[in-house]
1. Which GluC sites (Glu not before Pro) does the range B:221-310 hold that lie in a coil by DSSP with at most 11 other beta carbons within 10 Å?
2. Dimensions of the range A:251-334 along principal axes (Cα, Å, largest first)?
3. How long are the semi-axes of the equivalent ellipsoid of chain A, taking √(5λ) for every eigenvalue λ of the Cα gyration tensor, in whole Å from largest down?
4. With +1 on the Cβ of every Lys and Arg and -1 on the Cβ of every Asp and Glu, and nothing else charged, how large is the dipole of chain A about its Cα centre, in debye rounded to the nearest 20?
5. If Lys and Arg each add +1 and Asp and Glu each add -1, what is the summed charge of the other residues whose beta carbon sits under 14 Å from the beta carbon of A:Leu77?
6. Can you give the local net charge around B:Thr347? Use residues other than it whose beta-carbon is closer than 13 angstrom to its beta-carbon, Lys and Arg +1, Asp and Glu -1.
7. Going down the list B:Lys121/B:Lys361; B:Lys158/B:Lys182; B:Lys184/B:Lys348, which pairs span over 21 Å between their C-alpha atoms?
8. Obtain the radius of gyration and the Kirkwood radius of the protein assembly as shown from its C-alpha atoms and give Rg over Rh.
Amino acid sequence: MDATILGLLLLDGVQNGVIYGLLALAMVLVFAVTRVILVPIGELMMFAPLSFVWLQGGKLPGTLWLALALGALWALLERGRGRGLPLVGGAGLLLLFLLARGSPALAYLAALLLVVYLGVATYRVFFQPMRAASPEGEHRGATVLALLIMAVGLHVAYQGLGLVFFGPEQFRPDPLLQGEVVVGLTWQGALVLAFALLSAAALYLFFRRSLFGKALLAAAENRLGARLCGIRPEEAGMVAFAIAGLMAALSGLLLAPLINAAYFMGFMLGLKAFVAAILGGLVSYPVAFFGAVLVGLFESFTSFYASAYKEALVFLLLVPALFYQSLRAKGVEE
Amino acid sequence: MKRALALVTFLALAALAQGALKVGVVVSATGPAASLGIPERNTFLLIQEMLDRQGGVAGRKVEFVILDDASDTTQAVRSTRRLVEEGAVAIVGTATTPASLGMIPVVAEAKVPMISLAAGKEIIHPVDAQRFWVFKTPQTEELMARAIVADMVARGVKRVGYIGFNDAYGEGWARYFEAELKAKGLQLVVSERYNRTDTSVTGQALRLIARRPDAILIGASGTPAVLPQRTLKERGYRGLIYQTHGVANPDFLRVGGKDVEGTLLPAGPILVAEQLPSTFPPKRVALDYIQRYEAKYGIGSYSTFGAHAWDTWLILRPALERALKKADPDKDLAAFRAALRDEIEATKGVVGTHGVFTFTKEDHLGLRFEDAAVMVRVENGRWKLERVFR
């Protein structure tokens, strides 16, 4: 262990940690607004670069049909004017995809919008009915546990569909930026770091300073109260999922040149991000982000010293984190 | 749906064609092992077509009943049981080691001979009461490890490193590789692990490089095998890099690109069939198979896994012919199955696409590494024959 190795491990740890941080931020956001633990975020993350690669090859990816199918279900669930958004969105998406075959810039945009649409449709079709399934007066619908089980089910379904759509092997899109900033850090990696820091700052400002952000938080705390104040909890949920989808898609697209995208890679990333989000109690953004960087650093050093036990040790971090959280908690959250 | 269709066709044909020989085939046409199972299934469809034109074996129709196990052990066991109950004279399959191991008790209890398409040595070793009925055609990791170490010895390599999957495949390779290294007097100085789903192996790579081995073996398969190789190159490793035969598919070359130039790997001879010397026995058989497969499925579509399936038929066909002289499946199915098993075991010197098969009572793989493995190097994004061990 000399200075070079130490430096490289630190850099690697920060790079990995930042990836987990991005996903952790998205997970905390979704949990704060909808009480859903977004386990399928890994799949959403991978759908973007994989769809992009498919478009580059001039083919329409299966994820497009999935999104359109969910969009159709969404339209069926809405009444009257509410139908406009899924139908227009779906039609626009299909058009964009048909135009984007073979054009990298349009393909990038298409893949991004696809995952955003898919995220919102997922919420509307699967989670919103669960949350609303309560009689008038109760401020919460399904319990957090029920929502979690639905999320796990969706993860399994999406991962399976990912295999059907994209096959078992990895794909490597071209990076946006070539070359290395310094030994151990490529320009693409620096871009990911910059994006992560910007997202963290943006989310913080959004929830602390903007009215809409505060409205989102209010809708999660107390549905009835929020409705009385004119905030629609359903809308809040869809916005949260849209932001999460956007973050997952952008992270996936930026990362894919570095890590090679495959249908199965998202889950582990999401799981480690979940560990980081737990460190922040699923409430605090800064703690989740820095916790994620810590997880990344820890992982980097354990892969150097004890690579066979790396996964076990990283997930063992959950134990002290949960312990600490349970000691700190004042009431009983479901 | 497909399974229902197969079953209905099977029953209809069974009613019409008495005296037909049913060979049960279990392959992973869907699921993670689909890239192995699909070419295998296609090969059996090809053979079925050939047989229908020729009128079968020794005047009897032969029918392959192909069931999909979806890369799942439970499904494979269930499919095997069904095939056996419906009167299959032999079972072929499946492509993955865990599922094949699951099928063994079923065929042993029903006393039906089985030829597996999976790599694991445990499938046929040691030949006990159950494995009495089991044979296989693909090379074991042990055999490929011997080829790798033989190549290392020829290049004067002394210190070796290893990084492999943290699962049965990687651990199996680590075990056989280390044993072979010790036997040939080379030193394993560092051994690391990583997961298929990992996105970074920087820590492991730094550890490997710090020990300065002359050569590193990556015990992985498919496109996840590119990650450690790329990381080692980026961190400045200049020694030899070996991969296992699990990367012998075009996706590895596609994802690896320039990073995998110069990789050395052991492979079944069919991978570089046109480049083999003409004295190499499998060459003619391999080229014949490639030509037939590509005629039906397209140029460049053949795979080494489909070739394993072809080899099982090259063994099964003469065994069927000999067994038909000794017993009649219509009169006594159990006696025929036992006779078929004996005849499969009596296989001597059958030249296949992957080597020359000679079974014995103790050896149900029957391959020697000199005929069954060649060293291949990746050059300009293609497989180039590097060394033949004969």
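1. In loop regions of the range B:221-310 (DSSP not H, G, I, E or B), there are no sparsely surrounded GluC sites (Glu not before Pro).
2. Here the Cα extents, ordered largest to smallest, are 44, 30, 21 Å.
3. Numbers: eigenvalues 194, 147, 56 Å².
Listed largest to smallest, the semi-axes of chain A are 31, 27, 17 Å.
4. Values: 20 positive and 16 negative charges, 194 e Å.
Roughly 940 debye for chain A.
5. Cβ neighbours under 14 Å give a net charge of +3.
6. 0
7. Working: B:Lys121/B:Lys361 16 Å; B:Lys158/B:Lys182 11 Å; B:Lys184/B:Lys348 30 Å.
Pairs exceeding 21 Å: B:Lys184/B:Lys348.
8. 1.02
The values are calculated or read from the model by the stated rules, or taken from the named source; none is laboratory data. Just so it is clear, the structure is predicted and the values come from calculations on it, not from any experiment. Neighbour counts run over all protein chains shown; Cβ positions are idealised from the backbone, glycine included. Each accessible area value is taken on the protein alone, full model and side chains, heavy atoms only, with ligands, DNA and RNA left out. Shrake-Rupley method; radii C 1.70, N 1.55, O 1.52, S 1.80 Å.
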